[in-house]
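Before any comments, here is the structure.
The values are calculated or read from the model by the stated rules, or taken from the named source; none is laboratory data. Owing to the predicted nature of the structure, the values given are computational and were not obtained by experimental measurement. Here the Cβ positions follow ideal geometry from the backbone for every residue, glycine too, while neighbour counts run over all protein chains shown. Accessible surface is based on the protein model in full, side chains and every heavy atom, while ligands, DNA and RNA are left aside. Shrake-Rupley method; radii C 1.70, N 1.55, O 1.52, S 1.80 Å.
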Amino acid sequence: MNYYSLNNPNHNVNFKEAVIAGLAPDRGLYFPETIPTLSDEFIAHIEDYTAEEIAYRVIAPYVGTCIPEKELRQIISETLCFDFPCVPVHDAVYSLELYHGPTLAFKDVGARFMSRCLGYFNQNTTQKSTVLVATSGDTGGAVANGFLGVKGVDVVILYPSGKVSDIQERQLTTLGQNIRALEVQGVFDDCQDMVKSAFLDDDLKALGLTSANSINVARWLPQMFYYFFAWQQIKKHHNELVISCPSGNFGNICAGLLAKKMGLPIAHFMAATNVNDTVPEFLQTGRYTAKPSQPTLSNAMDVGNPSNFVRIQALYDNNREALLNDFSSFAYTDAQTREVMVALYEQTGYIAEPHGAVGYLGLQQVLQKHPEAVGLFLETAHPVKFLEEVESTLNIKLPIPESIAQLMAREKVKTSIATYADLKSYLLSS
């Protein structure tokens, strides 16, 4: 399997080269040259397979010969070290809880898979890699945990000052070792722009920069796994399945749409956003206009120019009408988010954090057009990661998981920067 730049189809690399580079030299995202199709028999009998076997069959065509089967299976085993339960909420509505991993967020899957791929690629070289990553909340903690102590890899995480929760910040500023955190005076889009600029800076080439954002294929592709796991759990209902995914940079839902292209029978995908409504507006008007991001309760989705939407368009050959057959997107306010958090808790006892609540809002909207379907919304982070908001909104006290309790006594270590020049100076000096 080769990958091409979405800015230049003549630029081709293999999986290893795409992972190490992160971004193409022309700032394009890498995209697979072909979309493999899984057999109807595999999909029909998916309940007969283990999670690790499902994941191997899904990802192996994209990795190709860059990682041998034995090593790839080991990487998958180490990635899938926790559960992905579909929890019944009410009627035919389920929550796919993706927060049972080490940092209590869905990004543990991609971060663990990518860190182990990069570790494999670096095992026989003295050349160090520097993973440069922007986070709007959960990516930083997942990447920090996934790469902690990985030989030959330094990690530098950029996050917007005052726009991540205290626990999210602790997960990326308290680990030490090969993990460093930069607090950016700006918003997530500023962090993301700095990362992209660094990749193209000739002065930084000696650092071996790569990205652990979902722009990197090794972070993006393994997110397909849990869509297959969800279908495995729900297919016994013999109904069509619609999925609502809270969306910020659109890598997670893009992975779901790719799974559908491979043969997973999902009837419809909803990308539920907060007031950062660049994609919902595009679907309504046909005009894509990047905007400055606005801060919200669901901070991990505060993205005004989602990188991965260009991949979604590529999946549908830039045909907006074809995309609309499988995909919709709507935006919701903080007031609506709080209201549905309360309603869910009072009516069902289910505790949703703000991102999952936005996903639930989107699911209710898409189910109006699919009344016979089973509905699934993605709960992408543990409620404790948004402790103050969940406790004050629901008037409850959340128990603190041991993994989080251990962070509370640690000192935050971070460096403040404001411009790309600050980032470049920091990288060159360190």
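Each Cα pair under 8 Å and six or more residues apart adds its sequence gap; the mean of these over the residue count of the range 161-222 is a relative contact order of 20 percent.
Using a probe of 1.4 Å on the protein chains alone, the accessible area found for Thr37 is around 110 Å².
The distance between label points at Leu428 and Ser39 comes to 5.7 nm (points 7 Å beyond Cα on the Cα→Cβ vector).
Counting only protein chains, not ligands or nucleic acids, how are Asp91, Asp166, Asp202 ordered by accessible area (probe 1.4 Å), most first? Present the calculation step by step, with values, prior to reporting the outcome.
Values: Asp91 150, Asp166 65, Asp202 110 Å².
Solvent-accessible surface, decreasing: Asp91, Asp202, Asp166.
Going by the alpha-carbon gyration tensor, a ≥ b ≥ c the square roots of its eigenvalues, is the range 340-430 rounded (a/c under 1.5) or, if a/c is not under 1.5, prolate (a/b greater than b/c) versus oblate?
Note, shape of the range 340-430 comes out oblate.
Ordering Tyr4, Tyr332 by accessible surface, largest first, gives Tyr4, Tyr332; the 1.4 Å probe counts only protein heavy atoms, with every chain in place. Highest GNM mean-square fluctuation among Asn319, Asn213, Asn239, for the chain modelled with Cα contacts below 10 Å: Asn319. Each label was represented as a point 7 Å from its Cα along the Cα-to-Cβ direction; for Ala418 and Asn319 these points are 5.0 nm apart. Between the exposed loop cleavage positions of the chain, defined as GluC sites (Glu not before Pro) in a non-H, G, I, E, B DSSP state with at most 11 neighbouring beta-carbon atoms within 10 angstrom, the longest gap is 34-371. Shown here: semi-axes √(5λ) of the Cα gyration tensor in Å, derived from the displayed model; of the candidates (i) 35, 23, 22; (ii) 39, 22, 21; (iii) 30, 26, 21, it corresponds to (iii). Enter the Cα centre distance for the pair the range 317-371 and the range 14-50, rounded to the nearest angstrom. The distance from the Cα centre of the range 317-371 to that of the range 14-50 comes to 27 Å. Each part gets one Cα centre, and for the range 197-213 versus the range 66-122 those centres are 27 Å apart. In the context of the full set of protein chains, residues of the range 300-401 present 41 Å² of accessible surface per residue (probe radius 1.4 Å, heavy atoms only).
Annotation: amide H-H contacts under 5 Å for Leu297 (H modelled 1.01 Å from N, sequence separation of 5 or more, or interchain): none. Take every pair of alpha-carbon atoms less than 8 Å apart whose residues are at least six positions apart; their mean separation over the length of the chain yields a relative contact order of 19 percent.
Among the protein heavy atoms of the range 169-238, carbon and sulfur supply 45% of the accessible surface, probe 1.4 Å, non-protein parts ignored. In a fully extended conformation the segment linking Gln74 and Leu200 would gain 42.1 nm over its present Cα-Cα distance, using 0.36 nm per residue. In deg cm²/dmol, rounded to 500, what helix-only [θ] at 222 nm does the chain give when every DSSP H run of at least 4 residues adds -39500 (n - 2.57) and the total is split over its residues? Calculated at 222 nm, the ellipticity per residue is -12000 deg cm²/dmol.
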